[in-house]
């Protein structure tokens, strides 16, 4: 079983150096290439007002957040939901920057073992020159985003999960490849070589890993990867 979490955040603004904070986190569970219906949606009191530009994007007023918990009060719920599993994030650097900042402010350790799939990078790798926004990808894969009149952490995470599943497919996307730290990384990301850990350290793919992947592919009858592997390496 491979468990992944599509994740999105909303914030008071764009720059943590200006004291901006997270106001909403949405997570959607994906197991074996399918959404399970298990989600978490946290609304947070950031302890500061949102920039007008941010409110124009997500529509969440400051007054609505006054009685909501602070990040440190629900951090355990968030970290328990995501576990050590793979996180799928669109423009991951932005969300990770804010999540790390919240954990640092709260004095909480987390996100140390999660691997990250950045769908922005993935889409640019696979469809160079094409629009790579979440809305553009929804349109590309005929995913209904009509309810997304404003950005929202949970609805964006739901759409992101659907986009990711459409991008990588569900038939042969869950072949286990074990790397030296025993973390599981799915085959498609090995092929594209764009998976990185929470500290943005890129994994180098050894010849042994490539050999193991080829052996796994050879065991699959009529595998589409047998036809395209020569063009990927």
Cα-based Rg (one decimal) and Dmax (whole number) for the range 3-175, in Å? 15.7, 47
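What ranking do 58, 90 get, fewest neighbouring Cβ atoms within 10 angstrom at the top?
Details: 58 19, 90 26.
Least to most surrounded, the residues fall as 58, 90.
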Distance between modelled label sites at residue 72 and residue 31, nm, 7 Å Cα→Cβ extension: 3.4
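With a 10 Å Cβ neighbour count serving as the proxy for reagent exposure, in which order, fewest first, do 119, 12, 36 appear? Write out the running numbers ahead of the final one.
Numbers: 119 22, 12 25, 36 12.
Ordered from fewest to most neighbouring Cβ atoms within 10 Å, 119, 12, 36 come out as 36, 119, 12.
Order these by the 10 Å Cβ neighbour count, fewest first: 57, 163.
Numbers: 57 15, 163 24.
Listed from fewest to most nearby Cβ atoms, that is 57, 163.
For the range 3-175, give the share of DSSP beta bridges that are antiparallel, in percent and rounded to the nearest 5; count only bridges with both residues there.
On the way: 16 of 22 bridges.
DSSP beta bridges in the range 3-175 are roughly 75 percent antiparallel.
Can you pull a Stokes-Einstein diffusion coefficient for the range 83-177 at 20 °C (1.002 mPa s), Rh from Kirkwood over Cα pairs, as a whole number of µm²/s? List each step's numbers first, then the result.
Details: Rh = 14.7 Å.
In µm²/s, the coefficient rounds to 145.
Read the figures in this text as sums done on the coordinates, not as results from a lab. Bear in mind the structure is a predicted one, so any value in this text is a computation, not a measurement. Don't worry about glycine lacking a Cβ; one is built from the backbone with ideal geometry, like all the others, and counts go over all protein chains shown.
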